[in-house]
Each structure stands twice: as C-alpha cells, then as structure tokens.
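Read the structure below first, then the notes.
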Amino acid sequence: MNTKTILVIAEYLDGKLNPITDELIACAIEITKIFDLKAKDISGVKAISEIKVIHVKGINPLESEKYKSSLVPIIREINPSFILMGHTSQGIDVASGLSVRLGCNCITGVNKIIYPEYVDVGKSEDSKSNILFSRLVFKGKCNAIVGVEKPENITLLTIQSGSFYIKDCCKEYNNIISNEEYYPSNVDDSTISLIEYGDIAYSRTTKSKLNEAKVIVAAGRGIGDKENIEYLKKMAACFTGSAVAGSRPLIDMGWLPYEQQVGITGAIVSPELYLAVGISGSSQHIAGMKDSKFIVSVNKDPNAAIFNFSDISIVEDCLSFIQAFIDNIP
Ligand SMILES: Cc1cc2nc3c(=O)[nH]c(=O)nc-3n(C[C@H](O)[C@H](O)[C@H](O)COP(=O)(O)OP(=O)(O)OC[C@H]3O[C@@H](n4cnc5c(N)ncnc54)[C@H](O)[C@@H]3O)c2cc1C
C-alpha cells in the first residue's frame, strides 16, 4: 500500500490564524485513523505518512485567482492524496476553481468522515470510494453521504466548521503533523483584481454584546412564538452578565436582531454558561457555541443533536422548563 500525505491549507483572517485550521487538522487525523484501520487489515504498514499544514505567504487569499495559481505548483510538488480547506468564504472561493486546475475530486461542506464498511451505502457494487463523506444538502435539512469516482486522484475537501474537534484527537498522531510556510514566486497576473472587501458577518460579530456575556440564554424554533421571547428575557434576567441569543431561523423571522444570532453566519461565543432551549443543534449553530465552558440544553426530542454537545441535556417542553426555572428562582 502506498503511503499518503494529507495537505491542510491553513486559513488566516486579517493576519490571525482562523480556528477552522485546528478543525482541518482534526479532520485529517480522522481520515488517517480510517486508513490506518484499513492498512492494519492488509499489511500493518501506516497508510498516511504525513499531515502537512501549509501557510502560503505573500499572497492575499482573498485575491482568489492569484491564490489558486500559487497553490497549484505547491500542491503538485507535495502530491497529496487529500487537500483540506475550511468551508469558509475563503475556502469556498478557492476550492472549486482549484480542483478544476488540478483535475481533482472536490467535495464541499464535509461534516463527517465515514468508513464505508460501517454504513450500508458503502457496500454497494457501484461505490469505488474507500472513504465516504457526509455533507448537508437542501439548505441543511438532510445529510447526503458521498464518495468519489476516482479515489486514485487527489480529493479536495472543504470542511464545515463545528464538525471536528482537535481536543478529541489522539496525541499519537502529533508526530506525523508538520508545518511549513511557502512563498510562491512567478504567480500569473490575474484578470481580476480585488478592490475592497468587507466581511459583514465577521465585523458585526466582533462588536456583538454576546461576546461579553458570561451567560447566554439562546432560543431556537422550538420556542414556538415571537411572544415567548419575553419569557426567554425573564429567564436571562435571573443571571448577572447575561444576554439573549437565537438560532438563525429566529433572526430570519425577525424575532431577534441579527446581532443576537449565534452560529457560523452569526456570533462565535464562548460564555461560562450557554443555555439552549428549543435548538436542534445543526452544525452551523454548534460552530458558534461549541467553545462555551458549560452547555445546558432543553429539547423535547430525546434524540436532538444538541445533546451530543451538552454537559446537561434536559428532555422537556422548553416553555414549561422556562416557567419552572423562573418560578423557582428566589
Ligand atoms: C449556509 C448556512 C448558514 C447557516 N448559519 C446558521 C447560523 O449561523 N446559526 C444558526 O443557528 N443556524 C444557521 N443555519 C441554519 C441551520 O442549518 C439550522 O437550520 C438552524 O440552526 C436550525 O435552527 P433551530 O435549531 O432553531 O430550528 P430547528 O432545526 O427547527 O429545531 C427546533 C428544535 O426545537 C425542538 N422543539 C420543538 N418544540 C419544542 C418545545 N416545545 N420544547 C422543546 N423543544 C422543542 C425540536 O425538537 C427541534 O430540535 C445556517 C444554514 C445554512 C445553510
């Protein structure tokens, strides 16, 4: 079995390393584990020899045409089996065009890596892929499991934020992770030039009051009605240094202002306590609150995904819970 390299393209935003890069490394380790498992069955040889994290310097990634051109020779030199980028505005801007230039497979918005033998779909005669990927479709309503037709080619993945956690990864893989900086030369002139950019979500969220709150009481569609936000506010008032927040549907319906949205397209928060009521736990919401120190969630569905991320999970109607909570606070 040939050994493989996984290439992680580190993402920088305004000169700072974007935390998505940690998640890319966690995902690379996840892929490594799957190939190691397979290799053990066949030869006992490690299948992934290196996870290479690169930072391409001297080029603004937002000048995506130039950035893509600079990446092509670097990638050809490294010749990885997988390339991982964030499913962020930067990653999305670059991934599809880069995969065309490389003639490689491209799967965007990956939120889970799957060993085909663990799922029925992988046993299909048609499946040539030795590893499968899950991604959201239909505006996040369903998960699709996809594989590649030509696994011998490079596979470029963009990884959905909030899906992989570096703290869950085994230290045993630290020795195969390397970091390198690249200063590309002779980048083709682009026919497109960047005049100005404004990351609306980023600039707004850094100013959000949510970032200062010690306790965040957040509601999702399960709260049922705009009027019920008042109960949420009463509950938040039971804590000092608290703020009210919501999942995106509440903001889309105009029940709360955008500044109070938590998630990948809203605020990224890490309060002492995050209390989530009537929130299902989509990866887009989790991406915004997973670093909270303590998470309590209330949902009437015992299988709600948010329970997988919670320190305390309460199966209950959220309005009954809020009422009981308020009534019992002296
Ligand atoms: C590109 C993109 C970006 C996105 N960005 C964000 C983002 O930044 N933030 C975000 O939040 N979402 C975002 N989303 C939307 C996301 O995919 C989900 O649709 C959204 O998070 C779901 O919100 P929800 O949990 O409130 O609603 P739902 O998924 O409808 O869940 C409602 C939950 O309430 C529970 N419930 C219902 N009634 C009760 C009751 N009486 N008591 C207790 N529980 C009850 C249900 O069991 C369910 O789990 C984005 C989607 C896309 C495609």
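Specify the longest stretch of the chain that does not include any exposed loop site, a site being one of the chymotrypsin sites (Phe, Trp or Tyr not before Pro) with a non-H, G, I, E, B DSSP assignment and at most 10 other Cβ atoms within 10 Å. Formally, the longest exposed-site-free interval is 1-137. Between Glu259 and Lys16, the modelled label-to-label distance comes to 1.9 nm, taking each label 7 Å out from Cα in the direction of the beta carbon.
Here the ratio of the Cα radius of gyration of segment 203-328 to 2.2 N^0.38 Å is 0.93. For Lys214 and Tyr165, the FRET efficiency from 1/(1 + (r/R0)^6), where r spans their Cβ atoms and R0 equals 22 Å, is about 0.40. Annotation for Leu37 and Tyr197: the two label points, set 7 Å from Cα along the Cα-Cβ direction, are 3.7 nm apart. Would you mind checking the pairs Lys33/Lys290; Lys16/Lys52; Lys66/Lys171; Lys209/Lys234 and listing those with alpha carbons more than 26 angstrom apart? The pairs that break the limit, which is 26 Å between Cα atoms, are Lys66/Lys171. For segment 234-248, putting each phi into the Karplus relation 6.51 cos²θ - 1.76 cosθ + 1.60 with θ = phi - 60° gives couplings of 5, 5, 4, 5, 6, 10, 7, x, 9, 8, 9, 9, x, 7, 4 Hz, in residue order, rounded to whole numbers and with x for Gly and Pro.
Fewest-first ordering of Asp22, Asp311 by other beta carbons within 10 Å of each residue's beta carbon gives Asp311, Asp22. The modelled label-to-label distance for the pair Glu230/Glu181, using points 7 Å beyond Cα in the direction of Cβ, is 5.8 nm.
Helix 20-42 axis versus longest C-alpha principal axis of the chain: approximately 60°, rounded to the nearest ten. Phi angles across segment 145-161 convert, under the Karplus curve 6.51 cos²θ - 1.76 cosθ + 1.60 with θ = phi - 60°, into 3J(HN,Hα) values of 9, 10, x, 9, 6, 10, x, 6, 7, 4, 10, 9, 10, 9, 9, 5, 4 Hz, Gly and Pro given as x. Defining a contact as two alpha carbons under 8 Å apart and six or more residues distant in sequence, what relative contact order in percent does segment 203-328 show? Relative contact order for segment 203-328 comes out at 25 percent. When the alpha carbon coordinates of the chain are projected onto the principal axes, the ranges are 65, 51, 35 Å, largest first.
Computed from the coordinates by the stated procedures, all read-outs in this text should not be read as laboratory data. None of these values were measured; they are calculated from a predicted model. Heads up, the Cβs are rebuilt from the backbone with ideal geometry, glycines too, and the neighbour counts pull from every protein chain shown.
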